[in-house]
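The values are calculated or read from the model by the stated rules, or taken from the named source; none is laboratory data. Just so you know, these numbers come straight off a predicted model, no measurement behind them. All Cβ positions, glycine included, derive from the backbone under ideal geometry; neighbour counts span all protein chains shown. Surface accessibility is based on the protein's heavy atoms, side chains included, excluding ligands, DNA and RNA. Shrake-Rupley method; radii C 1.70, N 1.55, O 1.52, S 1.80 Å.
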Amino acid sequence: MGSWQETQPHRMARFALSMVLSAAAVPAVIASEAPADAPGAPLASVVVRAGAAGDATPYDGVVQAVRQTVLAAQVPGAVVALDVKAGDMVKAGQVLMRLDARAAEQAAAAGHAQVQAARASRDEASREFERQKQLFDRGYISRAALDRAEAQYKTARAQADAQLASAGAARTQSGFYVVRAPYGAVVAEVDVVLGDMAMPGRPLLTLYDPGALRVSTPVPQTVAARAQAGAGAQAEVPGAVPGRINPVKVQWLPTVDPSTHTLELRLDLPPGLRGVAPGMFARAWLPGASGDDGRIFVPTSAIVRRAELAGVYVVGADGRPLLRQVRLGRARGDTVEVLSGVAVGDRVALDPQAAARAR
């Protein structure tokens with residue numbers, strides 16, 4: 001009995017001490033749940049908006065050269081001189097390569113000699129015809145003899161003209177063995193090396209005019225009508241030119257691709273753009289083409305993905321972010337359409353990682 005009376009006060013003291021310690025620990029737990037950076041650094045966020053018909057919609061495309069030429073051989077011959085390489089700037093009329101033209105040069109020389117012989121025969125026939133006319137006027141020869149002299153002169157003259165034309169063709173043929181630049185351009189590709197055999201139709205070089213570039217973009221036929229009715233189309237070449245570019249000319253091709261059901265849009269770029277070359281990835285921005293009235297878009301960077309689920313952190317009135325599952329639609333540039341999960345006016349955190357730390 002005495003033992004129970006001695007231990008009971010100790011038990012009561014230990015119970016009171018534990019209650020005091022528990023009460024002192026409660027404020028610390030509550031403080032740890034408060035956002036650490038909420039007072040000093042609020043979360044970066046954006047208000048959810050609805051798409052407007054005037055918003056520009058991007059369509060992926062490619063940079064093309066308005067003038068791009070593949071030079072091919074017109075005559076057979078071995079490549080004996082190659083004066084350019086890929087990336088070189090060339091001027092109009094500059095010699096790019098030479099083919100073996102020895103046979104053609106000999107043919108041209110033979111044609112020139114034949115022209116000289118034909119001209120001598122023509123001159124002789126002309127003088128003979130003049131003499132026969134004088135004799136006919138004096139009554140020394142008959143009319144038939146004069147006609148034969150005239151026929152011989154006309155034949156000689158025709159043969160001289162034919163030889164002259166043949167020699168001209170031979171000279172023209174010999175010019176095919178020298179490949180020249182048709183305009184000032186950049187050598188994009190060289191398809192042959194010294195010693196290769198050039199054949200008619202075989203590509204030799206590819207040139208393009210760097211001062212005449214365009215963005216070519218396929219646009220679905222379902223939105224092409226709205227895009228054609230509007231104005232203000234712009235081009236973009238990411239990584240080469242900062243920002244969007246106002247084209248100098250906008251052209252829609254009149255035919256629809258039957259396999260993709262798209263129309264080709266061409267935006268001519270202003271000259272003098274540095275770092276832009278054919279084949280680069282590009283975009284065409286078309287205002288009023290998407291018909292996105294009433295649709296909700298959020299920045300792509302605000303999306304949180306967990307396995308097959310997607311969500312965003314919605315910032316409440318108290319500043320606390322709350323993860324909310326959403327159903328996404330198609331992407332449009334740096335934004336993505338939200339089909340359900342958020343409403344217009346909701347504030348969405350731009351940095352999901354910071355929002356997760358601030359919960």
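Ignoring ligands, DNA and RNA, what percent of the accessible area of segment 239-359 is carbon or sulfur (1.4 Å)?
On the way: 3490 of 6830 Å².
Taking all protein chains in place, segment 239-359 shows 51 percent carbon and sulfur surface.
What lysines does Lys249 reach when the alpha-carbon gap must be under 27 Å and sequence neighbours fewer than 8 apart in one chain are set aside?
Lys91
Where does segment 43-194 land on the Kirkwood hydrodynamic radius, alpha-carbon pairs, in angstrom? Could the numbers behind the result be given before it?
Details: mean 1/r = 0.0459 Å⁻¹.
Kirkwood hydrodynamic radius for segment 43-194: 21.8 Å.
Can you figure out the FRET efficiency of Leu194 with Ala231, using R₀ = 41 Å and their beta-carbon distance, to the nearest 0.05?
Working: r = 53 Å, r/R0 = 1.29.
Result of the calculation: an efficiency of 0.20.
Using a 7 Å offset from the Cα along the Cα-to-Cβ direction at both Ser126 and Ala92, what is the distance between the two label points in nm, to one decimal?
If labels sit at Ser126 and Ala92, their model points lie 3.9 nm apart.
Would you please give the residues with an amide H less than 5 Å from that of Leu350, counting only those at least 5 places away or on a separate chain, with H modeled from the backbone geometry?
Ala44, Ser45, Val46
Could you give the size of the charge dipole of segment 157-260 about its Cα centre, using +1 on the Cβ of each K and R and -1 on the Cβ of each D and E, expressed in debye and rounded to the nearest 20?
Working: 8 positive and 7 negative charges, 64 e Å.
That gives segment 157-260 a dipole magnitude of about 300 debye.
Can you compute the modelled spin-label distance between His261 and Gln106, with each label point 7 Å from Cα toward Cβ, in nm?
6.5
Nearest 0.05, what FRET efficiency do Gln251 and Ala50 give at R0 = 25 Å with Cβ-Cβ as r?
Working: r = 32 Å, r/R0 = 1.29.
Rounded to the nearest 0.05, the efficiency is 0.20.
Which lysines have a Cα lying under 24 Å from the Cα of Lys85, excluding residues fewer than 8 positions away in the same chain?
Cα-Cα hits under 24 Å: none found.
For the ranges 336-345, 139-148, what's the packing order if you count other beta-carbon atoms within 10 Å of each residue, average per peptide, and put the highest first? Before the final figure, lay out each step's value.
Working: 336-345: 14.9, 139-148: 11.6.
Result, highest mean first: 336-345, 139-148.
If I stretch the segment between Leu135 and Arg274 completely, what's the gain in nm (0.36 nm per residue apart, minus their alpha carbon distance), one decimal?
Numbers: separation 139, 0.36 × 139 = 50.04 nm, distance 8.06 nm.
Length difference between fully extended and current span is 42.0 nm.
How do 280-286, 208-214 rank on mean C-beta neighbours within 10 Å, highest first? Numbers along the way, then the final one.
On the way: 280-286: 22.0, 208-214: 20.1.
Averaged packing, sorted descending, gives the order 280-286, 208-214.
Can you run phi through the Karplus equation (6.51, -1.76, 1.60; θ = phi - 60°) for segment 83-90 and list ³J(HN,Hα) in whole Hz, with x for Gly and Pro?
9, 9, 9, 4, x, 6, 8, 10
For Ala158 and Val66, what does the FRET efficiency come to when R0 = 51 Å and r is the distance between their Cβ atoms, rounded to the nearest 0.05? Before the final figure, lay out each step's value.
Numbers: r = 48 Å, r/R0 = 0.93.
Taking R0 as 51 Å, the efficiency between Ala158 and Val66 is 0.60.
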